[in-house]
1. Taking region B:52-81 as the search range and keeping residues that are part of a loop (DSSP other than H, G, I, E, B), without any contact (Cβ under 8 Å) to a residue 40 or more places away in the chain and out of contact with any Gly (no Cβ under 7 Å at 6 or more places or on another chain), which one is farthest from the other protein chains (Cβ to nearest Cβ)?
2. Just checking, which of B:Gly89, B:Gly102, B:Gly145 is within 25 Å of A:Tyr176 (Cα to Cα), surrounded by fewer than 21 Cβ atoms within 10 Å (Cβ to Cβ) and small (Gly, Ala, Ser)?
3. Restricting to region A:281-320, what's the tally of residues that are closer than 19 Å to A:Gln406 by Cβ and in a loop (DSSP other than H, G, I, E, B)?
4. Counting residues that are within 13 Å of chain B (Cβ to nearest Cβ), modelled with pLDDT of 95 or more and within 16 Å of ligand 2 (Cβ to nearest atom), which helices (runs of 4 or more DSSP H) fully inside region A:179-254 reach at least 2?
5. Of the residues that sit in region A:355-391 and are within 12 Å of ligand 2 (Cβ to nearest atom) and crowded, with 19+ Cβ neighbours inside 10 Å, which one is nearest to the other protein chains (Cβ to nearest Cβ)?
6. Name the residues in region A:340-354 that are within 11 Å of ligand 2 (Cβ to nearest atom) and among the β-branched types (Val, Ile, Thr), would you?
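The values are calculated or read from the model by the stated rules, or taken from the named source; none is laboratory data. Treat the numbers as computed from the prediction; the structure is a model and nothing was measured. Cβ: placed from backbone, ideal geometry, glycine included. Neighbour counts: every protein chain shown.
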Amino acid sequence: MQKVPFTTGYLTAHCGDDAYGTLDGYKAEGGYETARRVLKKGTPEDLIETLKASGLQGRGGASFIAGQKWSFMPGAEDDTGPRYLVCNADESEPGSFKDRLLLERAPHLLLEGILLAAFAIRAEKTFLYVRGEYGEAIRVLTRAIEEARAGKVLGPRALGSRFAHDVVLVRGAGAYICGEETGLLESLEGKKGQPRKKPPYPAENGVFGRPTTVNNVETLCHVPHIVEKGADWFRGIGTAESPGNTLFGVSGHVVRPGLYELPLGTPLDEIVFEHAGGVAGGRKLKAVIPGGLSMAVLPAGQVDVPMANEFLRERQTALGTGGIIVMDDTTCMVRVACIITHFFREESCGQCTQCREGTGWMNRIVSRIERGEGRFEDLALLKDVCAKMEGKTICAFADAAAWPVQGLLRHFPQDFQSHVTHGQCPYPGSFVLA
Amino acid sequence: MIGETLRARIDAEIARFPVKRGGLLGALHIVQEGQGCVSLAASKELAAIFDVFPVEVIELVRFYNFFHESPRGRHQVYVCTNLPCALRGANVLLKGLEQHLGVGVGETTADGRVHLGREECLGACANAPMIRVGGVYHEDLDLAGACAVLDALE
Ligand SMILES: Cc1cc2nc3c(=O)[nH]c(=O)nc-3n(C[C@H](O)[C@H](O)[C@H](O)COP(=O)(O)O)c2cc1C
Ligand code: SF4
């Protein structure tokens, strides 16, 4: 089971005990009361307004305003057939392990968030798509859904209201690209997870040809709290543009790797040095990836930045999934580039030429530099390949593959140059590759 | 052959979706759990059940890392080697396991007991290095700990 966070807040306060794990435990803490009230007496319009007013940004990586996304769904006048909510629990961004905690330890909080979101968009069914490797999460959720059905939380009269809802748990099968929302929809339809061209967007034509909203696990877990305590309460946490807490995951060379629930806008250096205890083994910091493997790295001198997109943007990176990967001064950035490019090469779905060829090309170039067989032109070539991949493909995967490489070249060109000049790695103590 | 028991599970899977084909990914999981792999013959049978061309099922088996066309040994052991794990010695662990088992990555021990593989990030970054044995995670490992986990497998 995922270890409980070192710092908790409203999202994870009960992740260490049973309160969120069983239906009775959850109800004893007042769980499902918010959804019961809204499903019986509220309206979808009011709910969407509350979410919009709260400013909650999606926590799946793209930070899109959740209330706005819900409002794209057709209203009550559309009665052409079912619409669906999809909960994206495919969490596969390297460095991200926050959704796993919520899936394993707060299944009923998630189900309450699902009920509220589904009510807002008038969905009769939710497809909860969990990455196939998350065996424990799948066991816990299967049990929680059965409990919720037996307890009439789900069903034809959810929580005693006139709203009917059911949750269908779907198991992924090991493909990172199925986390991209339209790749996920294809996968739900029993196809290869190859992302779709947009438009049409899912709100118009989603899964099985019906209007669909896709939301991340953590996004949905914020919803019951926002609805219970109000948009103003939520606005009071975090920054003006990026409200609320989020679950930061800290990994790599730190004293206390783990999850930290903190307000958005918490400075990165505070998270790394104070919360996570600083660099392990008394070593010095070299670099931090702030938001999962897809985001550009920051050198040690630039970690005094609040963890919110409006500030990270100025440093040419982004919050992503809040997966913070810390690297000490023994770390060879060319090896880091090898791992990053290998990952994207393996996971490209292969539809777009720029992405399919570009990811392989990048990986071959950085691998030969790492082996000491690189050429000086290779650095310019790498930059050129990145530029040709960015913004030109069906989905954002190709951008996500180019950004981290661009970041490494921007901040650590000397690591690459040194490999080319001396034909070997200048960091004898660096972590090793396979 | 996809026997009656598996077929019943596949039918139940199909019933969960508004469109028959939605059940195909789940059917592949069911077949692989029941038969240890998704063989060419099984893909053809699934194609008949789902009214699609065999090549469409075979493509899925090859697209999704989870599925394989031939059996992989009783226990499948995967070492995460993405960046957070690599920074904490995952590749040293992997090499140690190769030696301990006497097989390389992607191979199965001669007695068919253990298949060793490497995987991309498994969402256990704060508890690196780690291995996945089927649906179970073993985290915060060192080589001795990982070997003990493998030795305890039947
Ligand atoms: C390559 C790629 C992989 C993604 N993987 C995930 C994922 O594993 N989980 C997730 O929630 N969102 C992922 N996303 C983002 C989704 O496309 C989508 O924006 C998100 O699920 C929407 O939910 P939210 O608005 O609640 O954040 C990914 C996007 C891309 C481009
Ligand atoms: S950008 Fe890459 S992953 Fe996305 S659709 Fe194109 S080929 Fe597939």
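1. Here the answer is B:Ser70.
2. Values: B:Gly102 fails: within 25 Å of A:Tyr176 (Cα to Cα); B:Gly145 fails: within 25 Å of A:Tyr176 (Cα to Cα).
Step by step, each of B:Gly89, B:Gly102, B:Gly145 is checked, and only B:Gly89 is within 25 Å of A:Tyr176 (Cα to Cα), surrounded by fewer than 21 Cβ atoms within 10 Å (Cβ to Cβ) and small (Gly, Ala, Ser).
3. The number of residues fulfilling the criteria is 15.
4. Values: elements: A:181-188, A:217-229, A:231-235.
The helices (runs of 4 or more DSSP H) meeting that bar are A:181-188.
5. The extreme case among them is A:Thr359.
6. Answer for region A:340-354, where residues must be within 11 Å of ligand 2 (Cβ to nearest atom) and among the β-branched types (Val, Ile, Thr): just A:Thr353.
One line per residue, one yes/no per condition, for (1) buried (at least 16 other Cβ atoms within 10 Å of the Cβ); (2) more than 28 Å from A:Val130 (Cα to Cα):
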{"residue": "B:Ala110", "(1), (2)": "no, yes"}
{"residue": "B:Ala124", "(1), (2)": "yes, no"}
{"residue": "B:Gly134", "(1), (2)": "no, no"}
{"residue": "B:Ala152", "(1), (2)": "no, yes"}
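The rows are residues; the columns are (1) more than 16 Å from ligand 1 (Cβ to nearest atom); (2) aromatic (Phe, Trp, Tyr); (3) under 30 Å from B:Val19 (Cβ atoms).
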{"residue": "A:Gly30", "(1), (2), (3)": "yes, no, no"}
{"residue": "A:Arg37", "(1), (2), (3)": "yes, no, no"}
{"residue": "A:Leu101", "(1), (2), (3)": "no, no, no"}
{"residue": "A:Ala117", "(1), (2), (3)": "no, no, yes"}
